Amino acid sequence: MIFIGIDIAKDHHDIAIINDSGEILKSHLHIENSASGFKKLHMAIRSHMKSVQDIHIGMEETGIYHENLRDFLIAKGYTVYSINPKLTYHSRLSSSPRRTKTDKLDAIAITRYIMNSYTVLHSYTPSLYHLDELKQLSRSYHNKKILLSKAKTELKRILQVTFPEFLKHFNPYSKWALDILKNYPTPNHYKGLHITALAQRIKTKCDRLEDASLLKQIAIDSIGRSNELQVILMTAAIDDLIHYQAQIEVLKVLISKKMRLFPKVLSMPGIGPINGATILGETGDIHRFSNKHEYYAFYGCDPVIHESGNFKLKRSRLSKTGNKFLRTAIYSASRVACVSPTTKDNKFRRKYLSMTHKENKHHNTIIFAIAKNMVHSLFTMIKQNQFYCDQT
């Protein structure tokens, strides 16, 4: 057998090749992240192999830079393993007490890890096209939500300087408020503005004329600082906020449309289109997990276990070594299933109420206990292609 370790980088990759006797066939092969580089690697592998089944290739999951090479190698029929960088990191540390780190040493460490662990590793299987779409869409959605939150924070910060009274009386993120603030960003802009004209722009459920009078009065009495710079900053923050809101709405519609292909996952309480898309997209091929406990560990919700001699850690915490998007999605789904008034009675809510009444535990501890049950149920549902069953 031939074991190949690839250290991934943005513009180039470093490769080491070792046979099953531990002999280093090639200690360092440097290729560019290009079609010619991929061809060079393919020719190097062919020069050492007798059969494609004898080749085992490992590479770290480093962002998106490994994906093109991984797909190229799979298309050539090779067995490829995507490895958590933490595993190879500890493998490299165990090989030497020195803290030397180079791309060449990393490639050799990956190769040796594959050689020692290939019997228990699961080779990478290309996900279904729809699952890859869901992963990209859900990640884009979550990233836009983060950017939207930053834009809201920036707008609030600027208002606190230019027009702090507006924050005390109105919601600055509503559609009408953004329109008002974009056209009249500082208190000085309200001078000479007729209340009737202002009331026409206000879209509150209360008396609009009364709200317009209040807005005019607080603008007159405002302690805010007005200058050209603040106007530019506020306009930019509002433009960003509106832009991200529009993008999020487009992504929500698109995700909801794609999730119509997966009604079984949506049948579980607490799981809507966004959480469902995140779970399916990040999970990928469910068959790469041999059991529900392995799948749960992928979420990073499993507790840290520390025992030594007579010592045993009493209060543990989450390992958080799994997928952060999955962890967030299952926590959100568990909360909705347990405490949302719009969710129907289900086994997760019944267990939540039982634990809340009987056990003296923190709310989040109970939620993650429910999340564990939910992940186990999801594993069975996805693997067996079943609808949710509410049996206790």
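The values are calculated or read from the model by the stated rules, or taken from the named source; none is laboratory data. Note that the structure is a prediction, hence the values are computed from the model and not measured. Don't worry about glycine lacking a Cβ; one is built from the backbone with ideal geometry, like all the others, and counts go over all protein chains shown.
Which residues, counting only those in segment 38-75, are in a helix (DSSP H, G or I) and among the hydrophobic types (A, V, I, L, M, F, W, C)?
PHE38, LEU41, MET43, ALA44, ILE45, VAL52, LEU69, PHE72, LEU73, ILE74, ALA75
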message = Scan segment 318-328 and tell me whether some residue there is within 24 Å of the chain's Cα centre (by Cα), modelled with pLDDT of 90 or more and either among the acidic types (Asp, Glu) or part of a loop (DSSP other than H, G, I, E, B) (or both).
response = no
query = Quick check, is HIS122 farther than 19 Å from LEU251 by Cβ and loosely packed, with under 13 Cβ neighbours inside 10 Å?
reply = no
message = It is to be established whether one or more residues within segment 365-383 are exposed (fewer than 15 other Cβ atoms within 10 Å of the Cβ) and under 25 Å from GLU61 (Cβ atoms).
response = yes
key: Residue check for SER213: among the polar types (S, T, N, Q) and in a helix (DSSP H, G or I)   = yes
remark   = Within segment 375-388, the residues that are touching a residue at least 12 places away in the same chain (Cβ under 8 Å) and either touching a strand residue (DSSP E or B) at 6+ places or on another chain (Cβ under 6 Å) or on the phi < 0 side of the Ramachandran plot (or both) are VAL375, HIS376, SER377, LEU378, PHE379, THR380, MET381, ILE382, LYS383, GLN386, PHE387, TYR388
message = Of everything in segment 169-182, what is surrounded by fewer than 18 Cβ atoms within 10 Å (Cβ to Cβ) and in contact (Cβ under 8 Å) with a residue 12 or more places away in the chain? Give them in sequence order.
response = HIS169, TYR173, SER174, LYS175, TRP176, ASP179, LYS182
query = Considering ASN116, ASN171, ASN188, ASN143, which residue is among the polar types (S, T, N, Q) and assigned to a loop (DSSP other than H, G, I, E, B)?
reply = ASN171
Residue selected from segment 128-164 under the condition within 20 Å of the chain's Cα centre (by Cα), surrounded by fewer than 18 Cβ atoms within 10 Å (Cβ to Cβ) and hydroxyl-bearing (Ser, Thr, Tyr), by the criterion nearest to GLY77 (Cα to Cα) = TYR129
